[in-house]
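Worksheet for the structure shown next.
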């Protein structure tokens, strides 16, 4: 089977590019003795990808309980990296009773008290905010929450997601150091109070690659580095050509007077995320590549999407209705979320495998 045999739109995953991206991150983490890579599977959501990113059942990160259950058979050691709620705490305890070791996170002292008294014995990490201002408490405020968790304290957790605003290596290094310094300062405060945070966890793909040192950190979480996208390429997470996932699409219309073509990949197949809007180069909703994932059409950008339509401008007028292209995603995490499987290639158009993925919550 080749790409010509597949229905469109669908996902294409080049395992050769994936392998290069995995090796790049593994080398980056290997610079820091004693630090473990805990890959975040929120993008890939695939056991086949996890087998390469976290071989031998190594520790992973998940973002939904559907992922936690899906991965639990082969990857017991997990962190569920979204603030826990009472109802979900029951679900985690049930999964752990079946053999998993899923740890949760919280930045809420009331939730910390529930964790401490829950009959399921689930362990938790305190989420610390080091500048992203999404979830987490300031490092100085982590101690009361950790004390409330008590003997079920597993450690500290932070995410330097504001690194996505960086545009050069120096900025990335500065954010990476602020991320490290913030979470390790919180860890020192906990130790001074007699607590023992075993895990000191941080990470985003950019900070993982740019950190000068990770003293005091036990593990790094990163996820989008596996597949990459047009935004991450501009951040320097991977080379521009090393985007592992593309969307296979068909031409469904030509508008020579407007200089555009229409594809059957719209907002549902590509997502409507606009990460590159604030980047040096705005790639709209994706960059159109040829069937070998080369930029043969120049800057043929999907400028507008409807539910099932993608409008490309300037449209490659050499293409006819029924011709196929591949679209490099703007934000791969969002793009792959609408799809159920990957059609795997290895640097060619031959489909060598089909890898399933888990969706939902």
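Numbers at a glance
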| read-out | value |
| --- | --- |
| Tally, over segment 325-339, of residues that are in contact with a strand residue (DSSP E or B) (Cβ under 7 Å, 6 or more places away or on another chain) and surrounded by fewer than 19 Cβ atoms within 10 Å (Cβ to Cβ) | 1 |
| Any hit, segment 267-275, residues being crowded, with 24+ Cβ neighbours inside 10 Å, touching a residue at least 40 places away in the same chain (Cβ under 8 Å) and assigned to a strand (DSSP E or B) | no |
| Hey, residue 249 over 22 Å from the mean Cα position of the chain (by Cα), without any contact (Cβ under 8 Å) to a residue 12 or more places away in the chain and more than 30 Å from residue 154 (Cβ to Cβ) or not | no |
| Among the residues listed as 249, 293, 257, the single one being surrounded by 24 or more Cβ atoms within 10 Å (Cβ to Cβ) and either assigned by TED's automatic domain parsing to the domain that holds residue 336 or assigned to a strand (DSSP E or B) (or both) | 249 |
| Within segment 33-53, tally of residues that are touching a strand residue (DSSP E or B) at 6+ places or on another chain (Cβ under 8 Å) and over 30 Å from residue 292 (Cβ atoms) | 4 |
| Residue within segment 28-50 that is farther than 30 Å from residue 263 by Cβ and modelled with pLDDT under 95 present | no |
| Residues of segment 340-360 that turn out to be in a strand (DSSP E or B) and surrounded by 17 or more Cβ atoms within 10 Å (Cβ to Cβ), as a count | 5 |
| Matching option when the condition is outside the structural domain of residue 162 (by TED's automatic domain parsing), part of a loop (DSSP other than H, G, I, E, B), out of contact with any strand residue (DSSP E or B) (no Cβ under 8 Å at 6 or more places or on another chain) and more than 28 Å from residue 223 (Cβ to Cβ), among 318, 307 | 318 |
| Qualifying residue in segment 16-24 (condition: part of a helix (DSSP H, G or I), surrounded by fewer than 17 Cβ atoms within 10 Å (Cβ to Cβ), free of Cβ contacts under 8 Å to residues at least 40 places away in the same chain and not assigned by TED's automatic domain parsing to the domain that holds residue 348) | yes |
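The values are calculated or read from the model by the stated rules, or taken from the named source; none is laboratory data. Computed from a prediction, not measured in an experiment: that's the story for all the values here. Glycine gets a Cβ as well: all are built from the backbone with ideal geometry, and neighbour counts include every protein chain shown.
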